[in-house]
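Here, each number is a calculation from the coordinates, and none is a lab measurement. All values reported here derive from a predicted model rather than from experimental measurement. Every residue, glycine among them, receives a Cβ derived from its backbone with ideal geometry; neighbour counts consider all protein chains shown.
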């Protein structure tokens, strides 16, 4: 399952997308669907994720396979409970 924050207080106008299973292929498929460049896929470090802004961000916000949370904090709270 893909999770996304609508508002990222640390990076206005950007959103993060994470996979509940850390599935890089799932994230990359979304990256391609929304038209984000390859560097949007970050997979070094703690958790693989997509950094999205502009048109790709807007497309991801309405993608039926993405569960959107109001804030990063709410998204991470849900992720840690899963």
So residue 24 and residue 43, fully extended at 0.36 nm per residue minus their Cα-Cα distance, gain in nm 6.1 nm
Note on the stretch 14-82: contact order normalised by length, alpha-carbon pairs under 8 Å, 6 or more apart, percent, works out to 33 percent
Per-residue Cβ contact counts at 10 Å, fewest first, order 73, 57 as 73, 57
Counted neighbours (other Cβ, 10 Å), sorted fewest up, put 46, 53, 77 in the order 46, 77, 53
Expected sort for 79, 50 with the fewest Cβ neighbours (10 Å cutoff) up front is 79, 50
The simple spin-label model distance between residue 82 and residue 55, using points 7 Å out along Cα→Cβ, in nm, is 2.8 nm
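Indicate the gyration tensor shape class of the stretch 3-82 (rounded, prolate or oblate), computed on the Cα atoms with a ≥ b ≥ c the square roots of the eigenvalues: a/c under 1.5 is rounded; otherwise a/b larger than b/c is prolate and the rest oblate.
Rounded shape, in that the Cα axes give a/c under 1.5.
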Mean-square fluctuation maximum in Gaussian network of the chain, Cα pairs under 10 Å, restricted to 17, 62, 34, hits 62
